[in-house]
Amino acid sequence: MFLRRWYFYVLTSAIVFGIEFAFYTFVRLPHGALYAELIGSPVIGTVVLVTAGFDATGGAPPGVRIERMIERAWAIIVLDAGLSMLTQAGFVAAGSGNAADTLLGIAVMFFAAMLVYAEPFAALEPSVQALTILPFAVVRSLMLAWLNMSRVFSLFAIQISVNVVDLLLLRAVAPKGGRLFDITDLAFVALVSAPLSVLFAVAYLDTLTLEPQRQKP
């Protein structure tokens, strides 16, 4: 699926990174790279999730795809920020050294893992209202997660592995200065967002096919 439109995904990631770089360079805000990434990464995810999802389900006219991207981008931005904070909180609690906090952190990360389908749902579900898309995305992801728990944790493990690689990369460039640190982070996240989004879109659509099977007596 990624190779089918790799040129489009690479171009999307490059354009978003360029905008992020310009924002970070010319808009003088504290933590400018963080703000750029909070918007840029979900935008890439929105474009890729919608494109890959429609490609996998028979396609749609460009106008329909663009309309869906514009309509759902805000929800994916909110979900992405919320899931990032939830995962980070779980890691901090799990590594605190306190037994109670460790158990709480593990529970939080388990909950975060169960939400791996929230963003694909927000991008691809056709019949959902704007006011209910966020709670429905959470509920549907929790429901679908039970259909194939091993896949859920595999997807979550991939996410964690990507984050670990990012941290190791940032640790390597940290001594060379804050600007290089921020730009490296922006570039890496932009680079990996597209293939990860394709993977999550395909996994979500495949998991949907399991529902009728589970409902049979």
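The values are calculated or read from the model by the stated rules, or taken from the named source; none is laboratory data. Note that the coordinates shown come from a computational prediction; the quantities given were computed from them, not determined experimentally. Here the Cβ positions follow ideal geometry from the backbone for every residue, glycine too, while neighbour counts run over all protein chains shown. Accessible surface areas use protein heavy atoms only, side chains included; no ligands, DNA or RNA. Shrake-Rupley method; radii C 1.70, N 1.55, O 1.52, S 1.80 Å.
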Report task. Looking at (1) at pLDDT below 95; (2) open to solvent by less than 30 Å² (accessible area, probe 1.4 Å); (3) within 22 Å of residue 205 (Cα to Cα); (4) under 17 Å from the mean Cα position of the chain (by Cα), find the lone condition where residue 65 falls short. Result -> (4)
Report task. Scan 181, 188, 136 and give me the residue that is of a type outside the set (S, T, N, Q) and without any contact (Cβ under 8 Å) to a residue 12 or more places away in the chain. Result -> 181
**Report entry** Selection count where residues are farther than 18 Å from residue 20 by Cβ and surrounded by 12 or more Cβ atoms within 10 Å (Cβ to Cβ), scope region 168-186
**Finding:** 1
Query raised in the report: In region 16-31, which residues are farther than 19 Å from residue 68 by Cβ and in contact (Cβ under 8 Å) with a residue 60 or more places away in the chain?
Result: 17, 20, 21, 24
Query - Residue within region 101-115 that is in a loop (DSSP other than H, G, I, E, B) and within 27 Å of residue 148 (Cα to Cα) present - result: yes
Report summary line: Out of (1) open to solvent by 30 Å² or more (accessible area, probe 1.4 Å); (2) among the aliphatic types (A, V, I, L, M); (3) closer than 28 Å to residue 130 by Cα; (4) in contact with a helix residue (DSSP H, G or I) (Cβ under 8 Å, 6 or more places away or on another chain), the one residue 34 does not meet is (4)
Query raised in the report: What about residue 104, is it at pLDDT below 95 and farther than 28 Å from residue 209 by Cα?
Result: yes
Report summary line: Exactly one of 71, 119 is touching a residue at least 40 places away in the same chain (Cβ under 8 Å), within 21 Å of residue 157 (Cα to Cα) and among the acidic types (Asp, Glu), and that one is 119
